[in-house]
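What follows is calculated from the coordinates using simple rules that are stated; it is not laboratory data. Treat the numbers as computed from the prediction; the structure is a model and nothing was measured. All Cβ positions, even for glycine, are placed from backbone atoms using ideal geometry, and neighbour counts span all protein chains on display.
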Amino acid sequence: MPRTVACVLLMALMLALGSLAQDQEETCDMAPRERRNCGYPGVTEAECRSKGCCFNRSIPGYPWCFYPMAIDNPAEGTAT
């Protein structure tokens, strides 16, 4: 019985975390001043992306490897 309870609790936790993740998306589109460094000098695009980060070296003086910005999505069934 305790094993069944643990499995049910684990499933409930997974569902709850999954629904939280659905409420947010991430974007790499942001003003350069909003970039938060995710890499180090000389990081390659492949290394940066493997960490789940954005890579854009087109703007000198700002991080090339940076964390994506979270954007909220309205819950299903709500008007925007």
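For region 54-71, 3J(HN,Hα) computed residue by residue from phi via the Karplus equation (6.51, -1.76, 1.60; θ = phi - 60°) reads 8, 9, 7, 9, 7, 10, x, x, 10, x, 7, 10, 9, 5, x, 9, 6, 10 Hz, glycine and proline entered as x.
Hey, can you rank 35-43, 61-69, 48-56 by average C-beta count inside 10 Å, highest first?
Numbers: 35-43: 13.9, 61-69: 17.7, 48-56: 16.0.
In decreasing order of mean packing, 35-43, 61-69, 48-56 become 61-69, 48-56, 35-43.
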